Each structure stands twice: as structure tokens, then as C-alpha cells.
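See structure below.
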Amino acid sequence: MGRTAKTFDLARMFAAFSDRTRLRLLNLMNGREVCVCYFVEILGQSQPKISRHLAYLRNAGMVKARREGKWMHYSLETPADAGAAAILRTTLESLKADRGMQSDLVRLGRACCEPQRLVALQGAPVPAKLGANAV
């Protein structure tokens with residue numbers, strides 16, 4: 001269920017931004033839907049840890065999830081609150097200048113285009129580009 005402008009919790013949003021792993025997740029989802037398995041491989045962290053970070057981002061109103069078979073797919077959710085939406089867009093734009101964030105995107109591209117290189121991801125769905133409604 002989406003958050004309304006009246007109920008959006010900016011403090012929770014800023015708390016979500018305070019963790020580098022969560023920023024990395026947001027960066028990887030910018031403009032695309034990504035299966036949790038790719039996050040695990042690219043970030044080099046356990047699936048339960050990644051899932052906890054994704055739950056935090058969902059609770060902060062910035063991420064939505066969709067199940068397809070055994071796979072969970074995550075994408076950005078634009079907050080209904082205009083100020084919060086602007087903060088998220090600005091944050092995502094700022095992440096583009098970070099070398100570590102750029103490196104994560106390169107690894108995601110390799111994982112999607114050369115799945116044979118990442119044995120752990122065999123059979124995983126390729127991240128889908130989102131339409132014009134992306135954040």
C-alpha cells in the first residue's frame with residue numbers, strides 16, 4: 001500500500017539513506033526492477049541481510065516488491081509526498097557520481113549480459129527496464 005502525502009515519514013526516509021548498503025540497493029534499482037538474487041551477488045552479502053535492507057526501504061516508502069515464482073523482484077516506488085519524491089530523485093542523481101555506485105552498475109550489467117560468469121545466478125530472471133513511470 002502506498003504512502004500518502006499526510007503519512008509519509010521523512011525521518012524514516014533519511015534514516016534509510018544513512019546506510020551505504022541501502023544506497024547501493026537504491027542505485028541498482030534506479031530505472032529497473034531487480035531480482036534479489038542479483039543484489040546478493042553484486043553486493044557480496046547474504047540473502048537475509050539484503051532482504052532486511054530491502055524491507056527497511058519498503059517500510060520507508062521508497063521500494064516495492066513483486067513475487068514471480070520463487071523470485072522476489074524489487075523496484076523503486078515514488079513517494080506520494082512531492083518533497084520526499086524530490087529528495088529521492090536528487091539522491092539517486094547524486095549517486096551517479098560515486099565511483100562505487102558506478103562499479104555496482106557495471107557488475108549488474110555483466111550479471112545480466114553474461115550470466116554464465118555468475119554461476120550462482122543461473123536461471124535468475126534478467127532485471128527489467130521500467131517504463132516512463134520510473135523515479
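Here, each number is a calculation from the coordinates, and none is a lab measurement. None of the values given here were measured: they were computed from a predicted structure. Heads up, the Cβs are rebuilt from the backbone with ideal geometry, glycines too, and the neighbour counts pull from every protein chain shown.
Tabulated values for the structure
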| quantity | calculated |
| --- | --- |
| Cα-projected label distance for Glu68 with Ala15, points at 7 Å along beta-carbon direction, nm | 3.2 |
| Local electrostatic count, Ser18, Cβ distance below 15 Å [Lys/Arg +1, Asp/Glu -1] | +3 |
| Under 13 Å, Cβ to Cβ, from Phe39 - net charge with Lys/Arg +1 and Asp/Glu -1 | +3 |
| Among Leu92, Ala16, Ala55 the positive-end extreme of the charge dipole of region 10-114 (Cβ point charges) | Ala55 |
| Among 73-83, 97-107, the order from most to least packed when residues are scored by Cβ within 10 Å on average | 73-83, 97-107 |
| Gain in span if fully extended, Ala97 to Ala82, counting 0.36 nm per residue against the direct Cα distance | 3.0 nm |
| Peptides ranked, highest mean first, by Cβ atoms within 10 Å: ranges 44-52, 12-20, 29-37 | 29-37, 12-20, 44-52 |
| Given charges at beta-carbon only (K, R positive; D, E negative), |dipole| of region 10-114 in Debye | 220 |
